[in-house]
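Worksheet: one structure, shown below.
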Amino acid sequence: MPYVSTWRFARIPARKARLLTDLIRNKPVGVAMDLLKFSKKRAAIMVGKVLKSAIANAGEKEAEVEELFVQASFCDDAPIMKRMMPKDRGKSYSIFKRSCHITVVVEEGVAPDKKRDRKEAMKLARDTRLAKKAAESDAAPAAKSEAKTEEAAK
């Protein structure tokens, strides 16, 4: 069962927070917390708070906290506050104060290892290719021997 936590209207651009949400996706909770703890980015504190909240939500529902992994983590754009900065000769420049919605979903179980899945798929493809090649090489000598017997019969 997934346990969700969200921080809406976080005062950081989604582009900056997305770097960290992508970093912790499909990682065990302990590893994700360590990655965020040692990151120098400002968004690490915000994403860390959301992750802690998701872990606490799982703990309230009596889930095994040691077995949790980050199933999904993403960051969406939120409304932009538009401000103006006065400039010389009566001009004004726009300032966009961006915000985002940070969401973290944790779930019990083992995190999927995409590298392992890709290796298994590559191995399966290689085995089928080798089996096909072996079948062709077995058929080729039989065809050659049939051709030789036909020539000998002539």
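Spacing of the modelled spin labels on residue 61 and residue 124, each 7 Å from Cα toward Cβ, amounts to 3.0 nm.
In summary, the lysines within cross-link reach of residue 119, defined as a Cα separation below 28 angstrom excluding same-chain residues under 8 places away, comprise 27, 132, 133.
Think of the chain as having a plus end and a minus end, set by charges on the Cβ of Lys, Arg, Asp and Glu; of 13, 72, 94, 94 sits farthest toward the positive end of this dipole.
Between beta-carbons, use under 10 Å as the cut-off and find the net charge around residue 76, counting Lys and Arg +1, Asp and Glu -1. Don't jump to the answer; show the numbers that get you there.
Values: positive: 8, 18; negative: 77.
Combined, the nearby Lys, Arg, Asp and Glu give +1.
Dividing the summed -39500 (n - 2.57) terms of all DSSP H runs of n ≥ 4 by the residue count of the chain sets its mean residue ellipticity at 222 nm at -17500 deg cm²/dmol.
Distance between the modelled labels on residue 110 and residue 52, one decimal in nanometres: 3.1 nm (7 Å Cα→Cβ projection). Considering only alpha-carbon pairs that sit under 8 angstrom and 6 or more positions apart, the relative contact order computed for segment 13-116 is 35 percent. Of the labelled figures (1) 102, 57, 25; (2) 62, 40, 27; (3) 58, 48, 24, only one reflects Cα extents along the principal axes in Å as derived from the coordinates, namely (1). Amide H to amide H distances under 5 Å link residue 12 with 100, where only residues 5 or more positions off or on other chains count and H is placed in the peptide plane. Taking +1 at the Cβ of each Lys and Arg and -1 at the Cβ of each Asp and Glu, which of 33, 112, 3 sits farthest along the dipole of the chain towards its positive end, judged by Cα position relative to the Cα centre? So the residue furthest toward the plus end is 33.
Using a Gaussian network model of the chain in which every pair of alpha carbons under 10 angstrom is joined by a spring, one finds that among 131, 54, 44 the greatest mean-square fluctuation is at 131. The slack between residue 31 and residue 93, meaning 0.36 nm per residue of separation minus the straight C-alpha distance, is 18.0 nm.
Highest mobility in the GNM of the chain, judged by mean-square fluctuation with C-alpha springs under 10 Å and restricted to 28, 112, 86, is found for 86. Which helices, counted as full DSSP H runs in the chain, have an axial Cα extent of no less than 20 Å and a Kyte-Doolittle average of 0.5 or above? Qualifying helices, which must be both long enough and hydrophobic enough, are 43-60. Among 89, 11, 116, the largest mean-square fluctuation in a Gaussian network model of the chain (Cα springs under 10 Å) belongs to 89. Counted by neighbouring Cβ atoms within 10 Å, the residues 39, 94, 73 run from fewest to most as 94, 39, 73. For segment 12-55, a Kirkwood radius taken over Cα pairs fed into Stokes-Einstein (10 °C, viscosity 1.306 mPa s) yields D = 155 µm²/s.
Charges were assigned to the Cβ only: +1 to each Lys and Arg, -1 to each Asp and Glu. The resulting dipole of the chain about its Cα centre is roughly 1660 debye.
No lab work stands behind these numbers, since they all come straight from the coordinates. Note that this is a predicted model, so its numbers are computed, not measured. Glycine gets a Cβ as well: all are built from the backbone with ideal geometry, and neighbour counts include every protein chain shown.
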